[in-house]
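Have a look at the structure below before the remarks.
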Amino acid sequence: MSSKSNNEVLLEVKNLKKYFEINKGFFGRSKEYVQAVDDISFFIRKGETLGLVGESGCGKSTTGRTIIRLYEPTAGEIIYDGVDISELSENDLKPYRKKIQMIFQDPYASLNSRMTVGDIIGESLDIHGIATGAARQERVFDLLNRVGLSKDHASRYPHEFSGGQRQRIGIARALAVDPEFIICDEPISALDVSIQAQVVNMLDDLQKEYGLTYLFIAHDLSMVKHISDRIGVMYLGKLVEVTDRNELYDSPEHPYTQALLSAIPIPDPEVTRNAQRIILEGDVPSPINPPSGCRFRTRCSYAMERCAEEEPVLREVNEGHFVACHLMDEKFPITE
Amino acid sequence: MADNKISTDMWEKVDMSTLDKEVIARKSLTYWQDAWRRLKKNHLSMIGLFFIVLMTLLAILGPFFSRYSYSDQNLELGNIGPTMEIYQIDDNDFVYMNKEYKLVEVTEDGHISKRLVPTDEDMMQKYRSYEIDGKEVVIDYSFAVAAKKSGDPDAKKFEIRVNGDVIDIHDKVFNKTYWFGSDSLGRDLYIRVVYGARISLLIALVATIVNFFIGVLYGGVAGYTGGKTDNVMMRIVDVIATVPLLLYVIMLMVIFEPGLKTIMIALGTVYWVNMARLVRGQILSIKEQEFVLAAKTLGASSWRILVRHLIPNAMGPIIVSLAMLIPSAIFTEAFLSFIGLGVNAPMASWGTLANDAVAGLRTYPYQLFFPALFISITVLAFNFLGDGLRDALDPRLRK
Ligand SMILES: Nc1ncnc2c1ncn2[C@@H]1O[C@H](COP(=O)(O)OP(=O)(O)OP(=O)(O)O)[C@@H](O)[C@H]1O
Ligand code: SF4
Ligand SMILES: [Mg+2]
């Protein structure tokens, strides 16, 4: 599915930062910041899927939510279709609320339990004045149909549905405004393994049918493999490696990516034999006081002195392959 | 890292048409239907609800069943209880003797006709004589002093003689004229209690409206906006909450006249603070949930998010606390009226009725009994209902 993208960039994120202020001490006199997303840059081409992976708490959701302006970015640019939307007012943002949509992680918390499925899906039609009356109903039925639900589900309440069905209702809600770009924030993590494939397949079909662009967030590499064209790996608020899916799986460069890949169980004894499991030691450090230099150095088996002093920058080491690690300087010397 | 052995074609596409299109078997129940179903199982709550409905009907329709208005008085027929011990003078003449040893003409089944005028009366000799249908009826209450001295409550205090023969109680009947008895000014207690119910339910209504429109919205806006606005709004609430209600009402009396209006203004301006706090807390925890974020990504306005998403999801605790706040509002009004800061005479509220009754409590306990009974029933009914609602609306109990 990698041939579907053309070269036009739809979204470009430049030096995006999102710090959360937390008050500590009496009367909040001493302020501290959670550096949830710290200076990340990447782009997504029209019609492609960028997978974003990383451990829990590394800032994936924050990245997604900042892009869609649920959070105000601390710094950086979010260039969507040539327009920087990072500082637009809620009013100017309204057209983008139709173009960019989001699918959420928790199928239980993401649907308002006091509204019928029909109203949940139809809400955006009311907000944007897209359809009313019979047309609205027609559209709701159509959306339900598209995600494999039937029209008599429209009058029911979310608690009557299973996790997978709820997630499809969430997808229908996102599709209601005919979006171009959908941020999928771990849409399958909370689902049973048996229905994960179902939802991924559906997203894949919808992408083909409507030419959608996805930012697909997941916490391990096995989940994004089948849907992503390119994959970005995040660690503690930083993007450490971005490249094509195949390149990432075949020749991962960043020590963290290598560790993540080795953690995927492989149902093939032949491969398992020559695969070596890299076990990550220690815990993820706190994003309030991240380690100096390379944030991964506390758990990296290749860590050098330089890693504590100097922060590695994300650099293109191969065509379309970006890595942030000091080891790269030796392996891929800067040519000029 | 080659797991390249797994390729896309190893995944099998599931045919969407076969998926979950089947209808869900269970009957569709909304949150409220479900809550109602559970509330119905709680007997105490249903009794509470029954009494609230009954009280409301009484307040609305009660006056139609009475010939009197709350201000009609008949000084001659004061202090007659809801049950009367009547004496038979002859075949069709019955009298009731009140606690002041005066006779009132009644019918056998308990209707009151008029107070009789004594033909002779001697306060020193402690007797009073009447002429009824040609017979001489004498009330001799000279035993009262001795009875009081003996300390025995059952000692004989008086005797009634008809043409010289002592007669005994004929019957104990219900007062058909004044169902709950009459007060010291001869006003019908029943109609006054009914008007008291009107006032109490009016207070309940005011408390509800105020809590809903000020408390819920104020708390909702503070919680949803957050930050500095929230801080300022909640400090205002703190200030209002620290002023004791009693002091506040007394201060208001300086500006307005004492009366129902003042109590309503007092309750209206301060009674929503607890609700505001509760709602704010609820909203703070709900607003981070993903369905609210989803509404934002769809471009919903803050108002829409507040009214369509946040408040409906906080409705359970709101209703429960409303059911608990109403009786306390009713009680506050009764209390303020009781200590003389409430409604003005001749208007009656349960609190003023109770207050009026206190002076004659030992002789006419029924005058306190009825307003106290109604206050208790109403407050208990709301509390039972509130308890049941808390269980019924608790999402943790949902299946
Ligand atoms: N509103 C917030 N206020 C303060 N800190 C926050 C807030 N939201 C997220 N964080 C912190 O920012 C960091 C990144 O959180 P984020 O939710 O983006 O992680 P994630 O990668 O999506 O993790 P997960 O896989 O668990 O969803 C975490 O340390 C989290 O505690
Ligand atoms: S920069 Fe250093 S610590 Fe960081 S990943 Fe590379 S080698 Fe490891
Ligand atoms: Mg997340």
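Coordinate-derived values only; no laboratory data. The model shown is predicted, which means the values in this text are computed figures rather than measured ones. No Cβ is skipped: glycine too gets one built from the backbone with ideal geometry, and neighbour counts run over all protein chains shown.
Some observations on this one:
- Neighbouring partner chain Cβ atoms per residue of B:284-296, average, 10 Å criterion: 6
- Helix-derived mean residue ellipticity, 222 nm - over chain A, DSSP H n ≥ 4, -39500 (n - 2.57), to 500: -9000 deg cm²/dmol
- Among A:Phe216, B:Phe369, B:Phe180, B:Phe64, sorting on how many other beta-carbon atoms sit within 10 Å of each Cβ, with the fewest leading, yields B:Phe64, B:Phe369, B:Phe180, A:Phe216.
- Ordering B:Tyr141, B:Ala392, B:Val216 by Cα displacement along the dipole of the protein assembly as shown toward the positive end leaves B:Tyr141 in first place; charges were set at the Cβ atoms of Lys, Arg (+1) and Asp, Glu (-1).
- Counting Cβ atoms of other protein chains within 10 Å of each residue's Cβ and taking the mean over peptide A:110-118 gives 5.
- A simple rule links phi to the HN-Hα coupling: the Karplus curve 6.51 cos²θ - 1.76 cosθ + 1.60 with θ = phi - 60°, which for segment A:318-326 gives 9, 4, x, 10, 10, 9, 10, 7, 5 Hz, with x for Gly and Pro.
- Computed over all pairs of different Cα atoms, the Kirkwood value for the hydrodynamic radius of the protein assembly as shown is 32.3 Å.
- The alpha carbon radius of gyration of segment A:76-122, expressed as a multiple of 2.2 N^0.38 Å, is 1.51.
- The per residue volume of the convex hull around the alpha-carbon atoms of segment B:189-397 is 128 Å³.
- Chain A - Debye-derived log10 I(q)/I(0), Cα point model, q = 0.12, 0.15 Å⁻¹: -0.90, -1.31
- When the protein assembly as shown is described by a simple charge dipole with +1 on each Lys and Arg Cβ and -1 on each Asp and Glu Cβ, the residue from B:Met97, A:Pro158, B:Ile283 located farthest towards its positive end is B:Met97.
- Aspartates and glutamates with Cα under 14 Å of B:Lys99, excluding same-chain neighbours fewer than 8 positions away: B:Glu76, B:Glu85, B:Asp140, B:Glu159, B:Asp183
- Using alpha-carbon coordinates, inclination of helix A:117-127 to the longest axis of chain A, degrees: 90 degrees
- Residue-averaged [θ]222 nm for chain B, counting only DSSP H segments that reach four residues, each worth -39500 (n - 2.57): -16000 deg cm²/dmol
- Dipole magnitude of the protein assembly as shown, debye to nearest 20 (Cβ charges: Lys/Arg +1, Asp/Glu -1, about Cα centre): 540 debye
- Computed from phi, the 3J(HN,Hα) profile of segment A:10-17 under the Karplus parametrisation 6.51, -1.76, 1.60 (θ = phi - 60°) reads 8, 10, 10, 10, 10, 6, 6, 10 Hz, with x in place of Gly and Pro.
- Within straight-line cross-link reach of B:Lys296, aspartates and glutamates at Cα separation under 17 Å, skipping those fewer than 8 residues along the same chain: A:Glu72, A:Glu87, A:Glu90, A:Asp92, A:Asp106, A:Asp119, A:Glu123, A:Asp126, A:Asp178, A:Asp185, B:Glu288
- Straight-line cross-link reach from B:Lys228 at under 18 Å between alpha-carbon atoms covers these lysines, not counting any fewer than eight positions away in the same chain: A:Lys24, A:Lys31, B:Lys287.
- Chain B: C-alpha pair distances exceeding 41 Å, %: 41 percent
- Cross-link check: pairs A:Lys14/A:Lys94; A:Lys18/A:Lys225; A:Lys151/B:Lys40; B:Lys40/B:Lys261; A:Lys17/A:Lys46; B:Lys148/B:Lys176 evaluated at a Cα-Cα cut-off of 30 Å; pairs beyond the cut-off: A:Lys151/B:Lys40; B:Lys40/B:Lys261; B:Lys148/B:Lys176.
- Across segment A:34-46, computed HN-Hα scalar couplings (Karplus, 6.51 cos²θ - 1.76 cosθ + 1.60, θ = phi - 60°) run 8, 8, 5, 10, 10, 6, 10, 9, 6, 9, 10, 7, 4 Hz from first to last residue, x flagging Gly and Pro.
- For A:Lys238, nonlocal amide neighbours, meaning residues 5 or more places apart or on other chains whose placed amide H falls under 5 Å from its own, are A:Asp38.
- Between the residues A:Ser286, A:Ser124, B:Ser184, the greatest Cα displacement towards the positive end of the dipole of the protein assembly as shown, with unit charges on the Cβ of Lys, Arg, Asp and Glu, is found for B:Ser184.
- Among the cysteines of the protein assembly as shown, A:Cys58, A:Cys184, A:Cys300, A:Cys325 have no other cysteine beta carbon within less than 4.7 Å of their own.
- Evaluated with a Cβ-only charge set (Lys, Arg +1; Asp, Glu -1), chain A carries a dipole of roughly 920 debye about its Cα centre, given to the nearest 20.
- Distances between placed amide hydrogens fall under 5 Å for B:Asp171 paired with B:Ile86, all partners being 5 or more residues away or on another chain.
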